[in-house]
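Student: Input: one structure, supplied below.
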Amino acid sequence: MKLLYIHGKTGKSTLLIGERLHHLHHAIAGRPAVIITDTNLLALYGKDFPNYPVITIGCGETIKTLDTVSSIYHRLVELEADRSFVIVGIGGGIVCDISGFVASTYMRGISFGFVATTLLAQVDASVGGKNGVNFSGFKNMVGVFNQPEFVICDMNLLHTLSIQDRLCGFAEIVKHAVIADADMFSYLEKHWSQALELDSDVIEKLVYDSVVIKAGVVNRDETEKGERRILNFGHTIGHAIEKTAGFPHGEAISIGMVVAAGIAQRCGLLTEIEAKRIENLLTRFQLPTRMSCQPDEILSAMRKDKKREGEDIFFVLPEGIGKAVVRPLSLARIGQLADGL
Ligand code: GLY
């Protein structure tokens, strides 16, 4: 097991990479606790949960609402949960986002931690302190920055993931390598096949390397005023594709990264060979790199992006492999630069 830390203004977070679900009671450390999980996780791993009350929610993005939050508050009141309690979200990104938001607002905020059960949650969604829910058709529109006290990443839980959920995690892993770590990118080019098979040494290294990158960025810019924006590489176009074409998150950001790499090449930040390496690696991970779409629809979905400031979007462009820059670009300019990609 390896430890990493985030020292946020909203608290310190201990990230336990390679820790096991059945050691969760160590992190709870004798406090009263409530577990929040989803129906799938309960069926698969409920037998391994420590003995605390469990609040179960449904699965899928449509559950990430204020109604779900409200129903959890009701259960917490019934359970007479007070400020001495710790809330533990056991699940993927949706469970982590909801339980972090509930814990941050119930009684003005109580302690919380996560057991991240998906690859996406381990390398991205559980780490960083953003918690929230969707609202009025917008992703993560209502939420808070607040660091979980602990995050347990147990690789043994990944074997029950669907292939689509695995790919979603690999898209974020590739993203981390492109924006921050050229050695990790080369490692992925050599070990993609073992990674896809969830070889334990390879996957633990990739989760660790990803969390090192994310924790480092969050430590320097917790509330996304500057550097943290680089974590949105592939996401501006990716979210628009997700919304308009209904692609799963990982597939949409894979296409978003390839388009952003193409734009970076047109801006002289990336060579043709580097752009091709990014595309080839994503293809190795069985992720799509192109789609036929109506550019107008994508641009109009981007117009609704909450990260937009005035006419400009902070657009992330790789600068070689292992580094990225953020450029304010107007939607019209993005449309021109992406034309034909
Ligand atoms: N909780 C996810 C993030 O902070 O990015």
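Where a number appears in this text, it was derived from the coordinates with a stated rule and is not lab data. Note that the coordinates shown come from a computational prediction; the quantities given were computed from them, not determined experimentally. FYI the Cβ positions are ideal-geometry reconstructions off the backbone, even for glycines, and counts take in every protein chain you see.
Student: Residues of segment 8-62 being among the polar types (S, T, N, Q), in a loop (DSSP other than H, G, I, E, B) and without any contact (Cβ under 8 Å) to a residue 12 or more places away in the chain, which ones?
Tutor: The one that is among the polar types (S, T, N, Q), in a loop (DSSP other than H, G, I, E, B) and without any contact (Cβ under 8 Å) to a residue 12 or more places away in the chain: N51.
Student: Does segment 234-248 contain any residue that is among the small types (G, A, S) and at positive phi?
Tutor: Among the residues of segment 234-248, at least one is among the small types (G, A, S) and at positive phi, which makes the answer yes.
Student: Also: Among (1) within 15 Å of the ligand (Cβ to nearest atom); (2) within 16 Å of the chain's Cα centre (by Cα); (3) in a helix (DSSP H, G or I), which single condition is A177 missing?
Tutor: Checking A177 against (1) within 15 Å of the ligand (Cβ to nearest atom); (2) within 16 Å of the chain's Cα centre (by Cα); (3) in a helix (DSSP H, G or I), the one that fails is (1).
Student: Somewhere in segment 201-214, is a residue without any contact (Cβ under 8 Å) to a residue 60 or more places away in the chain, surrounded by fewer than 17 Cβ atoms within 10 Å (Cβ to Cβ) and part of a helix (DSSP H, G or I)?
Tutor: Yes, the conditions are met somewhere in segment 201-214.
Student: Return yes when E297 is surrounded by fewer than 19 Cβ atoms within 10 Å (Cβ to Cβ), touching a helix residue (DSSP H, G or I) at 6+ places or on another chain (Cβ under 6 Å) and not β-branched (V, I, T) and no when it is not.
Tutor: yes
Student: Across segment 85-103, what is the number of residues that are over 30 Å from P248 (Cα atoms) and either in contact with an Asp or Glu (Cβ under 6 Å, 6 or more places away or on another chain) or hydroxyl-bearing (S, T, Y) (or both)?
Tutor: Residues in segment 85-103 being over 30 Å from P248 (Cα atoms) and either in contact with an Asp or Glu (Cβ under 6 Å, 6 or more places away or on another chain) or hydroxyl-bearing (S, T, Y) (or both): 0 in total.
Student: Any residue that is of a type in the set (D, E), surrounded by fewer than 23 Cβ atoms within 10 Å (Cβ to Cβ) and touching a His at 6+ places or on another chain (Cβ under 9 Å) - is there at least one of those in segment 251-272?
Tutor: Within segment 251-272, not a single residue is of a type in the set (D, E), surrounded by fewer than 23 Cβ atoms within 10 Å (Cβ to Cβ) and touching a His at 6+ places or on another chain (Cβ under 9 Å).
Student: So, in segment 301-325, exactly how many residues are exposed (fewer than 14 other Cβ atoms within 10 Å of the Cβ) and either touching a residue at least 40 places away in the same chain (Cβ under 8 Å) or in a strand (DSSP E or B) (or both)?
Tutor: The total comes to 4.
Student: OK, next. Go over the candidates D82, D124, D48, D67 one by one and state the one that is of a type in the set (D, E, K, R) and closer than 22 Å to G250 by Cβ.
Tutor: D124
Student: Given (1) closer than 27 Å to V207 by Cα; (2) away from the ligand (no atom under 12 Å from the Cβ); (3) of a type outside the set (S, T, Y); (4) touching a strand residue (DSSP E or B) at 6+ places or on another chain (Cβ under 8 Å), where does G92 come up short, assuming only one miss?
Tutor: (2)
Student: I'd like the residue in segment 63-74 that is touching a residue at least 24 places away in the same chain (Cβ under 8 Å) and over 22 Å from the mean Cα position of the chain (by Cα) and, out of all such residues, is nearest to T118 (Cα to Cα).
Tutor: Here the answer is I72.
Student: I would also like to ask the following. Exactly one condition in (1) within 12 Å of the ligand (Cβ to nearest atom); (2) touching a helix residue (DSSP H, G or I) at 6+ places or on another chain (Cβ under 6 Å); (3) part of a strand (DSSP E or B) is false for V151; which is it?
Tutor: Result: V151 fails condition (2) only.
Student: Then there's this: Return the total of residues in segment 100-138 being assigned to a loop (DSSP other than H, G, I, E, B), out of contact with any Gly (no Cβ under 8 Å at 6 or more places or on another chain), more than 11 Å from the ligand (Cβ to nearest atom) and in contact (Cβ under 8 Å) with a residue 12 or more places away in the chain.
Tutor: Matching residues across segment 100-138 total 2.
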